[in-house]
Every structure is written in structure tokens, then in C-alpha cells.
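The values are calculated or read from the model by the stated rules, or taken from the named source; none is laboratory data. For clarity, every value in this text was computed on a predicted model and none was experimentally measured. FYI the Cβ positions are ideal-geometry reconstructions off the backbone, even for glycines, and counts take in every protein chain you see. With ligands, DNA and RNA removed, areas are computed over all heavy atoms of the protein, side chains included. Shrake-Rupley method; radii C 1.70, N 1.55, O 1.52, S 1.80 Å.
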Number of protein chains: 2
Amino acid sequence: MDQRIELRHLRYFLALAEELHFGRAAQRLHIAQPALSQQIRQLEKIVGVELFRRTSRSVHLTEAGAAFQPRARNVLDRLAADLDEAGRVGRGEAGRLDVAFITSATAIVSEHLREFSRRRPDVQVKLHDGFTTDVLAALERGTADVGIVRDAEERDDIDLSLLASERFVAVIPTEHPAARCDHVEARVLAADPLILFPRSAGTHAFDMNTQPLRNAGIDVQVAQECSNWHTIIMFVAAGLGVTIAPYSVTTLLPAGARRLELDGPPTVSRIFMATRRGDDRPLLQAFKAASESMTGRDRDRTTRVR
Amino acid sequence: MDQRIELRHLRYFLALAEELHFGRAAQRLHIAQPALSQQIRQLEKIVGVELFRRTSRSVHLTEAGAAFQPRARNVLDRLAADLDEAGRVGRGEAGRLDVAFITSATAIVSEHLREFSRRRPDVQVKLHDGFTTDVLAALERGTADVGIVRDAEERDDIDLSLLASERFVAVIPTEHPAARCDHVEARVLAADPLILFPRSAGTHAFDMNTQPLRNAGIDVQVAQECSNWHTIIMFVAAGLGVTIAPYSVTTLLPAGARRLELDGPPTVSRIFMATRRGDDRPLLQAFKAASESMTGRDRDRTTRVR
DNA sequence: GCTGATCCATAGTTTGAGCTTATTGATTGA
DNA sequence: TCAATCAATAAGCTCAAACTATGGATCAGC
């Protein structure tokens, strides 16, 4: 009585609408003619109107049938495309990947993304930048699938894999007495006001970043906190103080700032890819594979520890 | 093995995607839980990827499932809308109606169409204007569903129903001697060049149109043929001759032309709605009903035979 | 740590929707 | 008038989707 429509009805309808002959349409569908008659009748009952006008001699579409034909075709085509798309998403060939990253790793992130997008052109990548803590939080709550962080600590719910490491360098105003040389001992900077990001943005990263100073026996006191490296370096250029920074954020310096290599035991900043432990979705593995192929290069290129 | 997808799969998938609980989803679908498990498994086999990740404790969508959910919803919604639309077309509540009409009946056609469009706002009306013969040809070959013709003859494959009738009048140049009066005997015009449409545009219409002249014993000779009334009347205004025209095409006359009532036995031009005999589609009946409601008015308004 | 509850999967059985073949009835062309 | 064509109907069959019962895994509570 209250029969539900099924795709079978649409397939049969379309075959008959094209053949306009029950016998031939049934043949094409690999069923017997009465079965087709029954199903078409059933469909007409569901729609509530005649879709074909039959005489015992000919079959043709009614207006309602003619109106329905392209729509039915469309439904089948779209569903086929949707199934395909779902399959591709399941195999990691399409979909969406949320990448959270620290702003200071933009250069490396963009390189890895370029390689990934080349391999998976149908994957839409969404980017979210922030501090290391923000990135890890996004990863935890599922807002991000991949995190790019700097100097994160080991955790049992997060997998880390090294993408690149780079040395720390000092950045000081050009008018600073030490700026005449191209390297400096950390202790020389003990009296200068230190400009750095807040420790809350990533305690371990902060500790790594200040290690050259602590190695020199300096009691680290941040005179001015800034949320991003660009601002920190602008402040240094303005003569407000000095900073210790990962090399890659110092590649382009404004006129008033100068980069100095740090003497003493080498200290490096490490950039990691972070993922949720146990998250083994194909898309993620594809991203890891793409990164893997880049990592060797990056490591060689940016490390250069003295 | 090579199972085909059915809408049942989509319905079950969507229920489970919303409930995320096999028991509850099955309950909502009024089936037992194992049946749902089976069908979902089958769907996953068809798509080729997991759509749900199940633990014995919880169910949640995979990325592929999440991607598929809105699409499946969409397919069902669109199909429902398509079925509804087909039903409405079948009941004559929506669709398309092709109306062919003679240019000289534009005024009446537009009135009837306004009424029809008010009653069937979802029906798209396509208009085609031409001569009576063109209109009838369009009707025959199915290009038009309704024809509006003037003074057509009875035919056994076409149904005619009277929409309006109107008297013939003479149109002559203002400088014509007879133009001083507001009526004229047809024989007075015997010597004037006659401007009229070609007889091939509608033999019966032509004969009706020239009847006032033939009644007066005039041997009808068309001096100048024109394809439409507007041009004919412009030629009259230019002093090139006279014409006999249905009243409604003379409502707006240019400066050089004057309308005169014809003395003698009244002759009328009839405007008919023409349809293919046996064509009883709901949309057509709706159009006929709309016309019916207008016809009384039109007949009264335009006849006024003296 | 055992017990009961919860929940999805599997096994085996039942049922009915959709299929089949055979036939009827209507129309057309020879 | 007869044969051919073609859709509808009738009656029986069959398999897929349903059912019931059960298993196995996980979790909460005493």
C-alpha cells in the first residue's frame, strides 16, 4: 500500500523512457517484461500520476513523465558521483585536512603543503596559525588533524616527528656595541633588555629558546613580551632590546637589526609534525608521506649548527 | 556480489548517522537491529570504504561517512521534490503550456493569459505568434498546445471554441470623401485600392474579412498585400488605399486613418481557441476553464453588432 | 574481580516483494 | 479473417531482507 520508492524504480523508468517499449526495455534491464510492467505501475502509484501513456500498440511519455525523466537521470548521476566521492574520501584521495601551525614555521609549512597539494590535488587544506599551545589544543579537540609545532615536549597522546631543526641566533640593534662582529657570546647580552614571546605560549619552547642565555649563566628576565617574531624583531630594530631567535625567522631583517651567530655549545630549535596518537586515516598518512619526502632536504638545509 | 545501491541504504545510513546507535536507529526505522547492521555493511561494501567506525561501545562516522551524509540527505530530498513536481505536472498544476496565436488577437490572448497565470502560477507559458495557418500547423505538429485563431473552419482533428466575436469595420484615409461620415456602405469603396493580408494566411479568414465587400457585389481584388494589421493600417493612413478590418485592430488609429462602421447586414469576425481533438490533459482543461470564465465578458464587450 | 547491562555482530529461519513463465486481450497489417 | 505484436494479468517460485536467538566485547557497580 504505502510503498516506498527505490532506485530500481528510477532505473526501470529511465530504461523504458528511452526505449518506449516494454519488451526491449525489459531486455535491456535483463528482466522479463511483466516485471517491468509491475514496477512501472508501482512507480506511477507512488508518484500519483501516469508517467507513460500506453496503448496496446505504443508507449509514450506523458507530460509528467517527460518532466520526471531528466530529474530521475540527475538523481542517479549525482548519487553515483556521491558514492565515488565518499570512496575517494575514504581512501584519502579527497576530503579536507585541517592543519594548525605556529606562525614562526610558516616557511616550512608552506613547502610541505605545496608537496602535499601536488600529491592530493582534491584535498582541501584548511590552515590555522597560532602558538604551539594553541596548535596542540586544536589537535586534542579535533579541530586540527595535523599540527606543526616548535620544540614541543613528548606526550603520550600525541605523536611527534621531526620536520626540521635550526640553530638559535641572536638579533640585536645595529647600534649595539656587539653589532660590529658577526658572532657573539651570550653573556655579552646579559645586561640588555630581552624581548621574547610569553612563556605561556609554550613553556618548553620558551626554555629551549632561552637555553643559550641560561647556558651562559644568565638569569632570564623578559623585559618585553610580544606574541610574534615579526613584532619582536621590529622592536629590536627600534633599539628596545635584544632577542634570541630560531634562524629561519631572521632571514629578512629590517634595517636597524642585525643577526649574530651565538658562540658556545650549539642549541637548536626543532620543528615537529604533531598528530593524535592512533589517528591512522589515509589522508594523514598521505600527509606524513609527503612530509617525509621533504624532511631530509629541510633538515640538511636549515640545521647548519656551528 | 555486485550489489546495487538502493534508497533503502541511504535511508538506513541517514538514520544511523543521526542516531549513532544501531538499536535506536533500527527502532526509528521500524526494523530489528541485525537488519540494520546487515544493510549498513552492504552499503559499505558498495561504496568500498568504511562509513562508520564501530567499537562494541560506540558508533561514529568516519570521514567518508561524514562526507557522504549531506550528499545522501540531498539525494533523498531532491528526489522527493522531483516526485512532487512530477505529480504536480501530472495534475496540471505545473509544467509548460505552448500557446500559438494570431498577432491580431494579442489583446484577447493577453487577457486570457493573465487569468490563466493567476490560476496556475507554476505553469510556464510559451507564446508563439503567427498567421492562422501557422497557428494551426503548430497545433498539428505538437509545437503548440493551444491555438488562438481567427475565423478558422471546422476540422475533424481540431476542436474550436468561440472566445470572442467582433464586427468588421472599414478603415479609410481621412482625406477620403466618405471620411466625413462615421459609417459607410461597402459599395462606396468599390473603386478604392484594397489593402489586406494574403489569402494564403487563412483562406476562410480572408473570405470572412472580405464578405462585406462581396455582399455589396464587389469583385474583391487586393491591390496591396501586407502581413499584419498594423502595417495595413499605416498604409491606409498614408493614403494608399482602404481596408476592412476586425474592430479590435482599429482601436488605436494613426492620424491619417479613420474608422467607419459598415452599413448593411452585420458581418463578424470570430476568435476561437483551437485544441487538438482528444487532447484532454489537465493543463489544457485548466486553460479552457480559465478562458471559459473570461469568454462571456469578451463576447459582450467586443461584439456590438449594429 | 565478579556480575549484570549494554551493544554490535553472527547464525539460522521465515517471509514477502520481485521475479519468472504462461496466458489473455487489444490492436494492427496482410 | 487470420497472424503478429505488445502490454496486462495470473499464478507460482525464489532469493534477499527481514526476523529471533545467541555470541562476544566492553563497561559500570557492588
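Placing R0 at 30 angstrom, the Cβ-Cβ distance between A:Asp156 and B:Arg53 gives a FRET efficiency of 0.90 after rounding to 0.05.
Taking θ as phi - 60° and the Karplus parameters 6.51, -1.76 and 1.60, the scalar couplings of region A:29-37 work out to 8, 6, 9, 7, 4, x, 4, 5, 3 Hz in sequence order, x denoting glycine and proline.
For peptide A:41-54, the mean count of partner chain Cβ atoms within 10 Å of a residue's Cβ comes to 2. Summing Cβ point charges (Lys, Arg +1; Asp, Glu -1) relative to the Cα centre of chain B gives a dipole of roughly 1480 debye.
Under 5 Å between amide hydrogens, built in the peptide plane, is the criterion, and for B:Glu185 it picks out B:Asp263 among residues at least 5 positions away or on other chains.
Counting only other chain Cβ atoms within 10 Å of each residue's Cβ, the peptide B:68-76 averages 4. Below 28 Å, Cα to Cα, which lysines can B:Lys288 reach? Residues fewer than 8 away in the same chain don't count. The qualifying lysines are A:Lys45, B:Lys126. Have a look at the DSSP beta bridges in region B:166-267 and tell me what percent are antiparallel, nearest 5. If I count the DSSP bridges inside region B:166-267, around 60 percent turn out antiparallel. Per-residue ellipticity at 222 nm computed for the protein assembly as shown from its helices equals -14000 deg cm²/dmol, with DSSP H segments shorter than 4 residues left out and the rest contributing -39,500 (n - 2.57).
Comparing A:Val149, A:Ile102, A:Leu83 along the charge dipole axis of region A:56-158, the residue lying farthest to the positive side is A:Leu83, per the Cβ-charge model. Restricting attention to the protein assembly as shown, close to 60% of DSSP beta bridges with both partner residues there are antiparallel.
Here the accessible area of region B:15-120 is 48 percent carbon and sulfur, with a 1.4 angstrom probe and all protein chains present. Taking the DSSP bridge list for region B:31-132 and keeping only pairs wholly inside it, about 25 percent are antiparallel. The alpha carbon gyration tensor of region A:165-268 gives principal lengths a ≥ b ≥ c with a/c below 1.5, which makes the shape rounded. Averaged over the residues of A:278-288, the number of partner chain Cβ atoms lying within 10 Å of the residue Cβ comes to 1. Averaged over its residues, the protein assembly as shown has an accessible area of 48 Å² per residue, based on protein heavy atoms and a 1.4 Å probe. Interface B-A: total buried accessible area of about 2900 Å², 1.4 Å probe, protein heavy atoms only.
Let me make sure I get this right: for chain B, a, b and c are the square roots of the gyration tensor eigenvalues over alpha carbons, sorted descending. Under 1.5 in a/c it's rounded, otherwise prolate if a/b > b/c, else oblate. Which is it? It is prolate, given that a/c is not under 1.5 and a/b is the larger ratio.
Ranked by the mean number of other Cβ atoms within 10 Å of their residues, highest first, the peptides A:188-194, B:209-215 fall in the order B:209-215, A:188-194. Shown for region A:165-268: the carbon plus sulfur share of the solvent-accessible area, taken with all protein chains present and a 1.4 angstrom probe, equals 52%. About its Cα centre, how strong a charge dipole does the protein assembly as shown have in debye, to the nearest 20, once Lys and Arg get +1 and Asp and Glu get -1 at the Cβ? It works out to roughly 1060 debye. Between the amide H of B:Ile158 and those of B:Arg277, distances stay under 5 Å, these residues lying 5 or more places away or on another chain, with hydrogens modeled in the peptide plane. Proximity of backbone amide H atoms, modeled 1.01 Å from N, is registered between B:Ile148 and B:Ala100, B:Phe101, B:Ile102, B:Ala274 at under 5 Å, excluding neighbours fewer than 5 places apart on the same chain.
Computed 3J(HN,Hα) for region B:195-210, one whole-Hz value per residue from the Karplus formula 6.51 cos²θ - 1.76 cosθ + 1.60 where θ = phi - 60°, is 10, 7, 6, x, 4, 5, 6, x, 4, 5, 4, 4, 5, 4, 5, 9, glycine and proline marked x.
The HN-Hα couplings worked out from phi for region B:248-257 by the Karplus form 6.51 cos²θ - 1.76 cosθ + 1.60 (θ = phi - 60°) are 5, 7, 10, 5, 10, 10, x, 3, x, 10 Hz, whole numbers, x standing for Gly and Pro.
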